[in-house]
Amino acid sequence: MAKAWFAVHTIAGHENKVRDVLTRRASVEGFWERDLFQILIPTEQELTTRAGKRVLVDKKVFPGYILVQMNMTDDTYKLVKSTSGVTGFVQSGNKPVPLEDYEVKRILKN
């Protein structure tokens, strides 16, 4: 299967930790840059007021989700599913559903 983007559900607030652990595990097991290519946490900058000062803060667009660009194989599926903090893929039935190209381009553009 060609590489595609998949939405992975994580424990809310643990997106950065899951990205780091998954990247490290993929590197150790030889999947990084062969079957797993990118892991994104979509964010947008937002102006907020803290202690009376206006500050730019990165806000997660999809809290509790990360986007993973990968070749979907049995091994990569098991690697992602067994990573600490991952609760599952966004899927239809028992099969993870890849995101459409236009959806990913829109997310990356923002």
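The values are calculated or read from the model by the stated rules, or taken from the named source; none is laboratory data. All of these numbers come straight from a predicted model, not from anything done at the bench. Protein only, heavy atoms only, side chains kept; ligands, DNA and RNA dropped before computing areas. Shrake-Rupley method; radii C 1.70, N 1.55, O 1.52, S 1.80 Å.
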Looking only at lysines whose Cα falls under 22 Å of K105's and that sit 8 or more positions away or on another chain, we get K3, K59, K60
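At 222 nm, what value in deg cm²/dmol follows for the chain if DSSP H runs of at least 4 each add -39500 (n - 2.57) and the sum is divided by all its residues, to the nearest 500?
Result for the chain: -8500 deg cm²/dmol, rounded to the nearest 500.
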Counting only DSSP beta bridges fully inside region 9-83, the antiparallel percentage to nearest 5 is 95
If amide H atoms are modeled at 1.01 Å from N in the peptide plane, then the residues at a separation of 5 or more from M72, or on another chain, having amide H under 5 Å from its own are A4
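Taking only protein heavy atoms and a 1.4 Å probe, what accessible area per residue, in Å², does the chain have with all protein chains in place? Write out the running numbers ahead of the final one.
Working: 7130 Å² over 110 residues.
Value for the chain: 65 Å² per residue.
On the protein heavy atoms, probe 1.4 angstrom, tell me the percent of accessible surface of the chain carried by carbon and sulfur. List each step's numbers first, then the result.
Values: 3510 of 7130 Å².
Carbon and sulfur together cover 49 percent of it.
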